[in-house]
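The values are calculated or read from the model by the stated rules, or taken from the named source; none is laboratory data. These numbers come from a predicted model, not from an experiment. Here the Cβ positions follow ideal geometry from the backbone for every residue, glycine too, while neighbour counts run over all protein chains shown. Heads up: the accessible areas ignore ligands, DNA and RNA and are worked out on the full protein's heavy atoms, side chains in. Shrake-Rupley method; radii C 1.70, N 1.55, O 1.52, S 1.80 Å.
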Amino acid sequence: MSIKPRVVIIGGGFGGLWAAKALANKPVEVTLIDRKNHHVFQPLLYQVATAVLSPGEIATPIRRIIHHAKNTEVILGEVTGFDTENKKVILDDGTEVAFDYLIVAAGARHAYFGHDDWETSAPGLKTIEDAVEIRRRVLLAFELAERDAYLKGTRRSLNFVIVGGGPTGVELAGAIAGIARQALAKDFMAIDTRDAHVVLFEGSDRVLGTFARDLSESAKSQLEDLGVEVRLNSFVTDIAPGKVKVGEDWIGCDVVLWATGVAASPIGKKLGVATDKAGRVFVEPDLTIPGHKNIFVIGDMASLKQENGEPVPGVSPAAMQMGAATADNILADLKAKDRKNFRYVDKGTMATIGRSKAIADVQGFHFKGFIAWMMWLFLHVFFLIGFRNRIIVLLEWFWAYLTRERSARLITGDANELKNALAFLEGEDAVVAEMQKREEAKQVAR
Ligand SMILES: Cc1cc2nc3c(=O)[nH]c(=O)nc-3n(C[C@H](O)[C@H](O)[C@H](O)COP(=O)(O)OP(=O)(O)OC[C@H]3O[C@@H](n4cnc5c(N)ncnc54)[C@H](O)[C@@H]3O)c2cc1C
């Protein structure tokens with residue numbers, strides 16, 4: 001061991017960042033490695049995807065967030081493997097970073113249940129790039145319908161399909177219905193954006209299935225109030241450009257968004273210990289992996305049961321609590337004190353559906369509609385990182401509430417991109433190939 005033990009943290013998301021904050025200026029040397037230079041406040045990603053907020057308002061450079069931690073270096077890099085015996089992390093360019101303690105917090109992505117090829121047609125929402133791409137597709141769909149109606153006189157219905165009735169699917173469906181009915185309605189001349197059809201497909205018998213049944217039912221009726229068609233017990237079995245298959249029927253759509261399935265970061269499997277079906281690493285009660293008391297896996301990558309037998313949920317409070325608890329255990333080691341087992345404290349869960357619409361469960365008390373929505377707003381501003389972001393987001397929300405306006409309605413990309421997207425929405429094979437080529441290039445770049 002060096003004089004001060006070296007703690008390497010992989011991931012500057014909720015878990016990694018909270019561990020780094022708790023280790024700031026403590027008697028350890030910290031190296032935080034992330035493949036992005038910014039921390040994303042994922043709970044507000046859908047607001048970037050639906051043009052309420054701009055990317056910079058929910059993402060902050062990691063280096064900036066922990067600039068006061070004089071013992072912490074932030075490295076931009078992608079971790080691809082480990083040498084656990086020799087205590088080294090391996091980056092994609094072959095560089096090795098030595099550690100005394102390792103905290104792996106690389107998060108999770110959505111899973112396509114073995115159909116990764118669907119991602120091109122049905123993007124999911126996890127990163128800023130995803131959110132900007134979804135925003136582009138949603139706004140383009142309206143622009144193209146307007147263009148067709150004005151130039152060719154063709155009137156066709158606009159269909160938006162969301163796959164998955166969890167929190168992200170519900171947020172996206174409610175927000176797209178909100179855009180169509182309120183924010184865009186006055187700005188389009190040749191089409192009536194209020195005719196847009198938003199359908200949410202959920203495989204089980206209710207949306208927001210982790211909430212109590214009365215809250216799920218309330219969420220469904222709040223969605224329906226916004227004009228969303230909620231189709232329960234409906235599995236999407238195939239996706240192709242411009243259409244989705246539900247059961248035996250193909251349904252045409254302009255935009256399809258994927259909001260279901262979880263796959264933990266693939267680096268979990270490189271640790272050489274057991275993982276669950278979603279790739280989450282089975283961890284010990286102190287969040288270490290079997291056989292390695294110096295290697296912790298936390299946040300969405302960790303699989304751990306609570307005392308009541310329920311799994312610790314993949315939510316940001318759990319990741320933050322795990323990050324802080326891991327830092328405490330490392331510091332306890334240095335003082336030769338006993339480690340504490342991790343205990344998740346559930347302070348309540350909530351989900352937003354749209355303007356003045358939400359549900360919340362706080363210690364068994366159920367809230368619906370406006371009150372739940374105010375609680376959701378307050379909590380998200382409170383936890384958003386950066387004072388400036390909090391003020392700006394509050395102002396954006398206040399403005400959007402008063403005027404129903406969306407201030408971030410930009411379609412980015414050059415003319416060729418626009419042409420490709422146009423044809424993509426029409427399902428042309430050449431363009432699909434082009435999109436796949438771009439996706440492959442992105443994968444290589446990652
Ligand atoms: C759209 C969306 C909405 C959500 N809404 C809510 C909500 O309302 N409330 C709630 O509690 N939770 C919500 N969640 C879940 C919550 O965001 C996660 O539970 C939480 O982010 C998990 O934290 P984490 O640290 O495990 O992973 P993350 O926060 O995902 O962080 C992982 C970090 O690791 C980095 N990384 C990944 N792989 C590598 C690698 N190989 N090398 C280097 N760096 C890597 C990533 O760039 C990222 O910065 C939402 C999630 C999403 C996607």
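Rounded to the nearest 5, what % of the DSSP beta bridges within segment 1-71 are antiparallel ones?
Of those bridges, close to 40 percent are antiparallel.
So how do 119, 229 rank on accessible area, 1.4 Å probe, biggest first, that is with the largest at the start?
The ordering from most to least exposed comes out as 229, 119.
Summarise the accessible area of the chain (1.4 Å probe, protein heavy atoms) by the percent that is carbon and sulfur.
Whole-percent figure for carbon plus sulfur exposure: 54.
Sticking with the crude label model, points 7 Å out along Cα→Cβ, report the distance from residue 192 to residue 98 in nm, one decimal please.
According to this spin-label approximation, the distance is 7.2 nm.
Pull up all non-local amide H partners of residue 80: gap of 5 or more, or a different chain, and H-to-H distance under 5 Å with H placed in the peptide plane.
Here the answer is 90, 91, 92, since their amide H atoms fall under 5 Å of that of residue 80.
Mind telling me which of 122, 336, 264 comes out most flexible in a GNM of the chain, alpha-carbon contacts under 10 Å?
Maximum among the listed residues: 336.
Using a basic spin-label model with each label point 7 Å from the Cα along Cα→Cβ, how many nm lie between residue 205 and residue 83?
Placing both labels 7 Å along Cα→Cβ, they lie 5.5 nm apart.
Quick one: if the Förster radius is 25 Å, what FRET efficiency do residue 64 and residue 379 give, using the C-beta to C-beta distance and rounding to 0.05?
0.60
How much of the calculated P(r) for segment 218-302 lies past 21 Å, in percent of all Cα pairs?
55
With the convex hull built on the Cα atoms of segment 282-338, state its orientation-averaged projected area in nm².
4.0
Stretch residue 37-residue 4 to full length: gain in nm at 0.36 nm per residue minus the Cα-Cα span?
9.3 nm
Cut-off 10 angstrom, C-alpha nodes, Gaussian network model of the chain. Which of 42, 306, 363 fluctuates the most?
Ranking 42, 306, 363 by mean-square fluctuation puts 363 first.
Place a label point 7 angstrom from the Cα of residue 225 along the Cα-to-Cβ direction, then list the residues of segment 340-374 whose backbone nitrogen is under 18 Å away.
Within reach of a label on residue 225, which here means backbone N under 18 Å from a point 7 Å along Cα→Cβ, segment 340-374 contributes 350-361, 366-374.
How far apart, in nm, are two points set 7 Å out from the Cα along the Cα-to-Cβ line at residue 412 and at residue 24?
In this crude label model, residue 412 to residue 24 measures out at 2.8 nm.
I'd like the antiparallel share, as a percent to the nearest 5, of DSSP beta bridges with both residues in the chain.
Roughly 50 percent of the DSSP beta bridges within the chain come out antiparallel.
Given the options 97, 120, 84, identify the residue whose Cα lies farthest towards the positive end of the charge dipole of segment 81-145 (+1 on Cβ of Lys, Arg; -1 on Cβ of Asp, Glu).
Value: 120.
Would you kindly state how much longer the chain becomes between residue 282 and residue 371 on full extension, computed as 0.36 nm times their sequence separation minus their alpha carbon distance, in nm to one decimal?
Value of the extension gain: 28.2 nm.
Projecting each Cα onto the charge dipole of the chain (Lys/Arg +1, Asp/Glu -1 at the beta carbon, about the Cα centre), which of 287, 179, 7 comes out farthest on the positive side?
Going by the Cα projections, it comes out as 7.
Excluding same-chain residues fewer than 8 positions from residue 357, which lysines have a Cα within less than 29 Å of its Cα?
Cα-Cα hits under 29 Å: 126, 186, 220, 347, 368.
Kindly identify the chain as rounded, prolate or oblate by the Cα gyration tensor criterion: order the square roots of the eigenvalues as a ≥ b ≥ c, call it rounded if a/c is under 1.5, otherwise compare a/b with b/c, prolate if a/b is larger, else oblate.
Prolate, because a/c is 1.5 or more and a/b exceeds b/c.
Given a 1.4 angstrom probe, what's the average accessible area per residue across segment 53-157, in square angstrom?
Accessible area per residue, segment 53-157: 46 Å².
Among 86, 389, 308, determine the one that fluctuates most according to a GNM of the chain built with springs between C-alpha atoms less than 10 Å apart.
308
Given 0.36 nm per residue, what is the gain on full extension from residue 392 to residue 270 after removing their alpha carbon distance, in nm?
39.8 nm is the gain from fully extending residue 392 to residue 270.
How much area per residue is accessible in segment 205-255 when the probe is 1.4 Å and only protein heavy atoms are counted (Å²)?
48
Classify segment 1-141 as rounded, prolate or oblate, taking a ≥ b ≥ c as the square roots of the eigenvalues of its Cα gyration tensor: rounded when a/c is under 1.5, otherwise prolate if a/b is larger than b/c and oblate if not.
Oblate.
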